[in-house]
Structure formats: structure tokens, C-alpha cells
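Below you'll find the structure, written out as C-alpha cells, and then a few comments.
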Amino acid sequence: MLHLAWPILIAQLLSMTMMVADTVIAGRYGTADLAGVAIGSSYYISVVMLLTGTLQAVAPTVAHHVGARRQEAIGPALQQGFWLALLLAVPGVALLLSPGYLLALADVPADVAAKAADYLAATAIGLPAVLFYRTFYAFNNAVGRPRVLMSISAIATSAHIPLAWALTNGALGFAPLGGTGCGLSTALVSWLALGCGFVYLVLNPAYRPYRIFHAWQPPQAKALGQLVRLGLPMGLSTFIDISSFTLIAILAARIGTETVAGHRVISNFTGMIYMLPLSLSIATMVLVGQSAGANDWRRANRTARLGMFLALGFALLIGALLWVLRAPLVAFSSADPAVQAVALGLVVYLLLYQLFDGLQTVAAHALRGYKVTLLPMVVHTFCFWGIGLTGGYWLSFHAPWRAAAPSVAGFWEACVVATIVATLLFGTMLRGVARRHVRDAAGAA
């Protein structure tokens, strides 16, 4: 599991580094631009996670083929994944180009809303590349070749940071674009990553047995339907999980620019920390899927338990380090004392959130390895929209002790409760699914 997880972790951290860099670059350009990037990226991440989460169906599908040694089915499965990515790109671009209603509904200040809309319009240029690359990403994880993803992420991050800085500040002959420069750079390096992935897929001999580019299939209704039935609940689960958190930036915009910026700083820490349980989750999903494809249900059960154990251990270690380093990390992210004060006040919630969020993420991905996705989507909706977002809105704006002084801390309090409940529900569900498969296999024997 660790052999599979560590390259995924590096790739995810490098990708997340680009978002952290955007925060630092936009924050040092201006607080209004930081707020625009914070709100715009929150919307962008929600859209991208919905679409790429759906495409993640490629991973358990291919993993089951690998476990069952159905090598001839792997190439066609990837081809249908690419067709699905193309179909999803159309509504995805439309959503990024039309954020006005949501920004107005959240009473985002006009100047910040304009900056957020410009940021989103820039990112829309790169969305098709993101979707195709994430299909390639899911495929590589499923066949146990994640190291190339680490290399491509390193290339993309190395290109993004100087390019975003130049576009934002008007260096190297570019006109200063402010926070929009971060969005444009994100779009450009997305095409760069896709190009790298395509070249690697074509030239690496390890992929030849899959015959990916031979006998290319047109869209197959049955295969696409299977991917959608498996992937749409996954995409909605990811969207619900991420949006319940990222949309806090939009809903809290009325509290003030410094509040949004401070929330963004802590959100970046959350995102960076999340990369570790996410990498373990993806590795767990792939290995559970391969075991399920081979009908080795006991190994699938052991794999899921191991993923949960590792997530807990790493969460405790990271929490201790974050508490010790909280002040210098916040100071590095923003030079504004008001923003720093907001961020430091949220650290204690972050420590609790990341602990339980890691556990529920691994459990949910293990269920995906079993191809159980519909009921987890219901759990995600109840926990993260019902408890986290709705409860957080009440705690922040309407709780009697905050009615006169709204605070973004209410959202964080509700998110902690949501992750605790999700951990309990997903853990119970995972145990039931694993035991049922082991029992059924024993009965069949």
C-alpha cells in the first residue's frame, strides 16, 4: 500500500502546492485579489471535483480487470473514460463561465465577485485538459503505475509558480492581471500536464499490452452507462464533501474580506494535509478493487483495515506538527495581521477536522473499491450538506451567541461534527460490506 501511495502523495502535494502558491502570490498582490482567488478557486474546485470524481470510476473498473487478469478489457475501459471526459467538459466549461448567480446569492461584494468571475473564466480554458488528464491519472493508479503522475506534477508545478507570479504581477513582459493571472496559469499548465501524459502513454512500452490506441472504440452506450452509474455517485460524493467546505468561502464573504482570506489560509492547510489520507485512500481503493476482481475477499478486508489504521496514525502525527508550527505557517501565508488573527483562531478546528476527515475518506474509498457508491453518496449528503454546510450556516449567522457577531468558526464547528458522524457511518458500512463478501465466499466454497 505504501509503495503505491507515496508517489500519489507526492503528485497530490505538488498539485496542491500550486493552490498554495496562488494564495501567497495573490495575497501579496492584494487582499481583494486574495479574496477573489479564494472564492473563485472554491467554486472551481467544486466543479472540478464533481467532474473528476465521476471520472474516477475508471480506477475501480480497471482495477477489477487487473485483479481478474482481463487484460484485453483494460484498453477499451480507458477509451470509454476518455469519451466520458469529453462529454463532461461541455457542462463543466459552462459552469465555470456562469458563476454570477451563485456569487450574487451569497452577497459577495461587487469588486471581489468581479475578480472571482475573471479567475474562473481563465480556468475554464484548461478544464478539458484537466478532465482528460484525470482519466489518465485514474488509469495509472489502477494499473499500479503512479510514479509518472509524480513526475508530471513536478513539471506542472515548476511551470505554474513562476508563470502565475509573472502573470499576476506583470513581470517578464506580461501585463499585470492580478488574481486572474493565477487562473490563467492554472489553465495553461493543465494543458502541459495533459501533453506530458499523452506522450508517456504513447511511448512507454509498458502500456502496449493494453492496446490503448489500437481498434479505437466509439462511445459505447453500455460501457458509458456503467461508468456513469458507478462514477456519478462518486463524483457527487466528492462534490458534496468538497463543496460543503469550499463554499464556506462564498457564504462567509458577507462577514468581510479578511475573514474570507483567513479561511482561505486554513483551507490551504486542510488541502495540503488532505493529500496524505487521499493518497492512502486511492491506494486502498485500487488494492481493494484488485482483490475484489480476484475474488480474494479476505485480502480486500485486510487492505481496508490497514488503510484506516495508517490514516489514523498519520493524522495524529501531522496534527502535532501543525500545532507546533501554526504561527510561522500562518505568517508565511499572509502579511495582513487581521487575516493572520482569523486563521490562527481556526487552527484548533483544523486539527480535529483533519483527524476524522482522513478516516472517513479512506473508508469511503475502500467502499468504492467494492463498487459500493450509491449509499455512501447519501451519507455524504446528510453529513456534509446537512450537518456541515446547513448546520455551519446556522452556527455562524443565526446561533443566539453569534447573531450579533457572525463568525466563520461556526462553519468549522459543524464540519468537525460532520466528519465524526461520517466516520462512524462509513466505518459501520465498510465492516458490513467486507464481512458479507467474506461470508458469501465461504458459503460458496
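At a glance:
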| item | result |
| --- | --- |
| Failed item, numbered, when Ser281 is tested on (1) of a type in the set (S, T, N, Q); (2) surrounded by fewer than 22 Cβ atoms within 10 Å (Cβ to Cβ); (3) part of a helix (DSSP H, G or I) | (2) |
| Breaking point among (1) in contact with a Leu (Cβ under 8 Å, 6 or more places away or on another chain); (2) assigned to a helix (DSSP H, G or I), for Ile240 | (1) |
| Lone qualifier among Val37, Val24 - being surrounded by 24 or more Cβ atoms within 10 Å (Cβ to Cβ) and over 12 Å from the mean Cα position of the chain (by Cα) | Val37 |
| Long-range neighbours under 6 Å by Cβ, at least six apart or interchain, first residue among the acidic types (Asp, Glu) within region 32-51, second surrounded by fewer than 24 Cβ atoms within 10 Å (Cβ to Cβ) | Asp33/Gly178 |
| Residues of region 132-171 classified as surrounded by fewer than 17 Cβ atoms within 10 Å (Cβ to Cβ), assigned to a loop (DSSP other than H, G, I, E, B), hydrophobic (A, V, I, L, M, F, W, C) and in contact (Cβ under 8 Å) with a residue 12 or more places away in the chain, total | 0 |
| Pair list, Cβ < 7 Å and 6+ apart or interchain, from region 333-355 residues that are touching a residue at least 24 places away in the same chain (Cβ under 8 Å) and part of a helix (DSSP H, G or I) to residues that are surrounded by fewer than 19 Cβ atoms within 10 Å (Cβ to Cβ) and small (Gly, Ala, Ser) | Gln340/Ala331; Leu351/Gly319; Gln354/Gly319; Leu355/Gly319 |
| Residue check, Leu375 assigned to a helix (DSSP H, G or I), surrounded by fewer than 24 Cβ atoms within 10 Å (Cβ to Cβ) and either touching a residue at least 60 places away in the same chain (Cβ under 8 Å) or out of contact with any His (no Cβ under 8 Å at 6 or more places or on another chain) (or both) | yes |
| Scan of region 286-308 for residues that are farther than 15 Å from Leu2 by Cβ and buried (at least 24 other Cβ atoms within 10 Å of the Cβ), ordered by number | Val288, Gly289, Gln290, Ser291, Ala300, Ala304 |
| Residues within region 172-199 that are in a loop (DSSP other than H, G, I, E, B) and either crowded, with 19+ Cβ neighbours inside 10 Å or among the polar types (S, T, N, Q) (or both), tallied | 3 |
| Qualifying residues in region 88-112 (those that are assigned to a helix (DSSP H, G or I) and in contact with a Ser or Thr (Cβ under 8 Å, 6 or more places away or on another chain)) - the one surrounded by the fewest Cβ atoms within 10 Å (Cβ to Cβ) | Leu88 |
| Count of region 194-249 residues which are of a type in the set (A, V, I, L, M, F, W, C), farther than 14 Å from Thr54 by Cβ and within 24 Å of the chain's Cα centre (by Cα) | 8 |
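Quick grid of which residues meet (1) modelled with pLDDT of 90 or more; (2) in a helix (DSSP H, G or I):
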{"residue": "Leu359", "(1), (2)": "yes, yes"}
{"residue": "Ala363", "(1), (2)": "yes, yes"}
{"residue": "Leu367", "(1), (2)": "yes, yes"}
{"residue": "Gly392", "(1), (2)": "no, yes"}
{"residue": "Arg402", "(1), (2)": "no, no"}
{"residue": "Ala405", "(1), (2)": "no, no"}
{"residue": "Val417", "(1), (2)": "yes, yes"}
{"residue": "Thr428", "(1), (2)": "yes, yes"}
{"residue": "Arg436", "(1), (2)": "yes, yes"}
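The values are calculated or read from the model by the stated rules, or taken from the named source; none is laboratory data. These numbers come from a predicted model, not from an experiment. Backbone-built Cβ (ideal geometry, glycine too); neighbour counts: all protein chains shown.
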